[in-house]
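Chemist: What follows is a single structure, and I will ask about it in a moment.
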């Protein structure tokens, strides 16, 4: 298969994962400021399976589709008001988090423990960026922002990081063996 065809396939797969993030965003547990959602699990899966570039692309596409008005954000919401609202930092940080997770896995062995470490750090990136944004845009104190935007998500984040690592590595292995993912230049993928 030519490099151009492979690139097109990966871009379409990234778009599919953007849709998956939007679907997982509808799995919500409402909390006062920031709901618990399935978005972070989907972002972790995208990054674990697709790697840094295409994982980040899927998160970016998700953010852009929601920003222009397609109701893909939590609670079927959309628009720039969400991006520039109190919870927008979490959405923006999906791109950074996905890139880091994919990069980390690309630089190490694609194993569940390495993917779990990457997803844990990605969770911290997401929660830290989102909490700072929440503090600024909701005009909260640091303690209020941590209590509303960081602490309630730690246990769920650890569980989602493990699920993203475990499921992501299994799917990645199967897609690689079916030659549906680009073959790495180094022999690092399982």
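Chemist: Using a cut-off of under 14 Å, list every residue of region 116-157 whose amide N is near the label point 7 Å from the Cα of residue 96 along the Cα-to-beta-carbon line.
Modeler: Under cut-off, by backbone N: 121-136.
Chemist: Extending each Cα 7 Å along its Cβ direction at residue 108 and residue 11, get the distance between those two points in nm, one decimal.
Modeler: 3.2 nm
Chemist: Using helices alone, I'd like the mean residue ellipticity at 222 nm for the chain: each DSSP H run of four-plus residues gives -39500 (n - 2.57), total over residue count, nearest 500.
Modeler: Taken over the chain, the calculation gives -23000 deg cm²/dmol.
Chemist: Highest first, please rank the peptides 123-134, 138-149 by the mean number of other Cβ atoms sitting within 10 Å of their residues. Walk me through the numbers on the way to the answer.
Modeler: On the way: 123-134: 21.4, 138-149: 15.6.
Top to bottom by mean Cβ count within 10 Å: 123-134, 138-149.
Chemist: Here's something else I'd like to know. Please give the peptides 49-58, 11-20 ranked by average Cβ packing (other Cβ atoms within 10 Å per residue), highest first, as a rough proxy for protection.
Modeler: Numbers: 49-58: 24.8, 11-20: 17.7.
In decreasing order of mean packing, 49-58, 11-20 become 49-58, 11-20.
Chemist: Can you tell me how region 60-152 classifies by the Cα gyration tensor, rounded, prolate or oblate, using a/c under 1.5 as the rounded cut? Walk me through the numbers before you get to the answer.
Modeler: On the way: a/c = 2.79, a/b = 1.36, b/c = 2.05.
It is oblate, given that a/c is not under 1.5 and a/b is not larger than b/c.
Chemist: Okay, next question. Modelled label-to-label distance, residue 68 and residue 144, 7 Å Cα→beta-carbon offset: nm?
Modeler: My value for the distance between the label points is 3.6 nm.
Chemist: With the cut-off at 1.5 for a/c, could you classify the chain from its C-alpha gyration tensor as rounded, prolate or oblate? Let's see the in-between values first.
Modeler: Details: a/c = 2.32, a/b = 1.59, b/c = 1.46.
Judged from the Cα gyration tensor, the chain comes out prolate (a/c at least 1.5, a/b above b/c).
Chemist: Cα axis of helix 3-24 to longest principal axis of the chain: angle in degrees, 0 to 90, nearest 10?
Modeler: 30 degrees
Chemist: With r as the distance between the Cβ atoms of residue 180 and residue 151 and R0 = 25 Å, compute the FRET efficiency 1/(1 + (r/R0)^6) and round to 0.05.
Modeler: On the way: r = 39 Å, r/R0 = 1.57.
Step by step, r from the Cβ atoms, then E = 0.05.
Chemist: Give the angle, between 0 and 90 degrees and rounded to the nearest 10, that separates the Cα long axis of helix 52-67 from the longest principal axis of the Cα atoms of the chain.
Modeler: 40 degrees
Every number here is computed from the coordinates shown, using simple stated rules; none is lab data. Because the structure is a prediction, the values reported are computed rather than measured. Positions of Cβ are backbone-derived with ideal geometry, glycine not excepted, and every protein chain shown enters the neighbour counts.
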